[in-house]
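S.K.: This is the structure I want to talk about, given as structure tokens.
Every read-out reported here was derived from the displayed coordinates using simple, explicitly stated rules and does not represent laboratory data. Remember, predicted model here, so these are calculated numbers, not experimental data. Every residue, glycine as well, gets a Cβ built from its backbone with ideal geometry; the counts of neighbours run over all protein chains shown.
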Amino acid sequence: MNRQLNLKRVAFIATVFFTALFASCGSQHENIDVNNVKINSGTVSGKTTDDGAVKIFMGVPFAAPPVGELRWKAPQAVAAWEGVRECIAPPPSAMQGKPMPFFGWTKEFLIPEEPVSEDCLYLNVWTPAQTDNDKLPVIVWIHGGGFTGGSGTVPLYDGEAMARKGVVFVTVNYRLGIFGFFAHPELSAETENHISGNYGILDQIAALQWVRDNIATFGGDPDRVTIAGQSAGAMSVNLLVVSPLAKGLFSRAIAQSGGMFGKSFGMGQTLHEAEASGKQLTDHLGVSINDLRLFAADSILKIRGRFSTVVDSVVILPVSETFAEGRHNDVSLISGWNADDGVSFGSVNSEMFKQRIKMQYGENADRFLEVFPANTDEEAAQSQKLLSSITFGWNNYTWAKLQSETGKHSAYLYYFKRVPPGEPNYGAFHSAEFAYALHTLHKWDRPFTDVDYRLEDLMSSYWVNFAATGNPNGEGLPLWSAFNNDNPQIIEFGDETQAAPLPFQKQLYFMNEINQ
């Protein structure tokens, strides 16, 4: 009897041992070798920071070069390659004018002067992951620049510091200007859905598909992807949130100073409008689309016209209607704007302001001038400044409001009012916040103080927490309540970070009323 019990005991121990052994073997995952990372199209190598904490891959192709016959076509799959592709240098920025500092946008906000090319569909990855099973949250940053400039290698978009906080950080390039947003009846006739334009947005979607399919290899979690952007990048995020083609490619969204609930700065034209504009251009030039595809990229860049996003009901749906009907991609949201977002967008005197308001708002003009008075030149200048900022603020407030009313996921609204120290002083200007949010103040040549570095740490922590959980709050951070339009509260990023009532409620509610 004892012998039988001992045999059973030995058998049991052996079973437990080998079960644990096989389970252990089955759960082993590959360490990320910076010199040998396999993605869908081949193998890439990158580089590491000096301390080895962050691995960096620059210039990873996510779509085929959009040149020749692929100019003005949806992005195509990357051709597979043999061997190891070295990805250690910044890729070409999309075709655009030479970067020139102006206003508050110094060299840190601009693309490198070289390289610039039509062959531009590349992304950059910063990852702190050790293995391909770390499943870290992912932030995909979409650059701004009015859909005519910018790239993923702008110095203030550097992802190393965010990676050190525990996210896989990705920046992407997309086609710009005439290369990214040229619509034309001949181009529409080439496609199954009879649409054209929006190639830049299709590039962003292709980049997100690449992230879905490949980011786990870099230690990222494809089920926790946050799309984020500022200005035109935030507008892009807004469009991706309503695009059926982007459904399931991300689970959270961050929009800094931008949205498309109104025709902001003339963007969001209809397909018919965009095609008519394109046809007028080719008629003026006396060329066909086939002719234009033979032009050198530098010659194409010189063509002047209006090239921006197109509401084509395939790639992009009407934003306000889609949200109102609850048909948007319902994801958690951070949204907000800056106190001086609009100071760079022109100045007016009293008479100019009044005339413009009467032309633009017709029967609502008198009420508009009560909310934004212009009885003197000084008053007009203040109303113009407020109106320009409210153009951003209304979009971002409206987004948070609609998400809180029609979505299942929470929205968090902020107001940034910290004035970066030093000169030039344009207040809390358009773009001033993202170096704080992305933890890149060290890349910006300003005499920052402890106040700035504290704010940078707070904002970037909120952003990382949000990417991880859909909620920006965390230990040691001031409470940031989810937005509720019945009691509209925001978080205020200034000399202090604190909860506050929604600013400029009178103006925001009026904008809501006249934009119904």
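S.K.: Going by amide H atoms built from the backbone, whose H comes under 5 Å of the H on Asp221, apart from near neighbours?
M.R.: Placed amide hydrogens put Leu136, Val138 under 5 Å from Asp221.
S.K.: OK, next. Among DSSP beta bridges lying fully in the chain, give the percent that are antiparallel, nearest 5.
M.R.: 35
S.K.: If you line up the Cα atoms of the chain on their principal axes, what length do they span on each, largest first, in Å?
M.R.: 105, 57, 47
S.K.: In the structure shown, do any of Lys354/Lys401; Lys107/Lys165; Lys38/Lys165; Lys47/Lys98; Lys107/Lys443; Lys385/Lys506 have a Cα-Cα gap over 18 Å, and if so which?
M.R.: With Cα atoms farther than 18 Å apart: Lys354/Lys401; Lys107/Lys165; Lys38/Lys165; Lys47/Lys98.
S.K.: Mean shadow of segment 61-116, computed from the convex hull of its alpha carbons, in nm²?
M.R.: 5.6
S.K.: Amide H of Val310 versus every other amide H placed in the peptide plane: which residues, excluding those fewer than 5 positions away on the same chain, fall under 5 Å?
M.R.: Residues meeting the criterion, in which the H sits 1.01 Å from N, are Asn198.
S.K.: Past 23 Å, Cα to Cα: identify those pairs from Lys279/Lys358; Lys73/Lys279; Lys73/Lys135, in the order given.
M.R.: Lys279/Lys358; Lys73/Lys135
S.K.: Would you give the gap between the C-alpha center of segment 266-303 and the C-alpha center of segment 35-109, rounded to a whole Å?
M.R.: Segment 266-303 and segment 35-109 have Cα centres separated by 27 Å.
S.K.: Across the Cα atoms of segment 462-507, what radius of gyration and what greatest pairwise Cα-Cα distance (Dmax) are found, in Å?
M.R.: Final numbers for Rg and Dmax: 11.8, 35 Å.
S.K.: While we're looking at this one, here's another question. Loop-only check: which GluC sites (Glu not before Pro) in segment 430-501 are DSSP coil with at most 10 other Cβ within 10 angstrom?
M.R.: Passing sites in segment 430-501 are Glu475.
S.K.: Given the rule -39500 (n - 2.57) for each run of at least 4 DSSP H residues, summed and divided by the residues of the chain, what is its mean residue ellipticity at 222 nm, to the nearest 500 deg cm²/dmol?
M.R.: Per the formula, -11000 deg cm²/dmol.
S.K.: How would segment 31-329 be classified by its alpha-carbon gyration tensor: rounded, prolate or oblate, with rounded meaning a/c under 1.5 and the a/b versus b/c comparison settling the rest?
M.R.: Prolate is the answer for segment 31-329, as a/c is 1.5 or above and a/b outweighs b/c.
S.K.: Here is a further query. Would segment 244-339 count as rounded, prolate or oblate if I go by the C-alpha gyration tensor, calling it rounded below 1.5 in a/c and otherwise prolate when a/b exceeds b/c, oblate otherwise?
M.R.: prolate
S.K.: If you take the square roots of the eigenvalues of the alpha-carbon gyration tensor of segment 331-516 and sort them as a ≥ b ≥ c, do you get rounded (a/c under 1.5), prolate (a/b over b/c) or oblate?
M.R.: Verdict is oblate for segment 331-516.
S.K.: OK, next. With a sphere of radius 12 Å drawn around the Cβ of Tyr415, what net charge do the other residues whose Cβ falls strictly inside it have (Lys, Arg +1; Asp, Glu -1)?
M.R.: -2
S.K.: As an exercise, identify the trypsin sites (Lys or Arg not before Pro) in segment 386-475 lying in DSSP coil whose Cβ has no more than 16 other Cβ atoms within 10 Å.
M.R.: Those that pass, being in a loop and sparsely packed, are Lys408.
S.K.: Run the numbers on segment 201-246 and let me know its relative contact order in percent, using alpha-carbon pairs under 8 Å that are six or more apart.
M.R.: 37
S.K.: Report the relative contact order of the chain, percent, no decimals, based on alpha-carbon pairs under 8 angstrom and at least 6 residues apart.
M.R.: Reported as a whole number, the value is 13 percent.
S.K.: For segment 31-329, calculate the relative contact order in percent as a whole number, restricting contacts to Cα pairs under 8 Å that are 6 or more residues apart.
M.R.: Across segment 31-329, relative contact order equals 18 percent.
S.K.: Same structure, new question: Once amide H atoms are placed 1.01 Å from N in the peptide plane, what residues at a sequence separation of 5 or more from Ile254, or on another chain, have their amide H within under 5 Å of its amide H?
M.R.: Here Ile227, Ala228, Gly229, Ile334 satisfy the definition.
S.K.: Please give the direction-averaged projected area of the C-alpha convex hull for segment 51-184, in square nanometres with one decimal.
M.R.: Seen from a random direction, the Cα hull of segment 51-184 projects 10.0 nm² on average.
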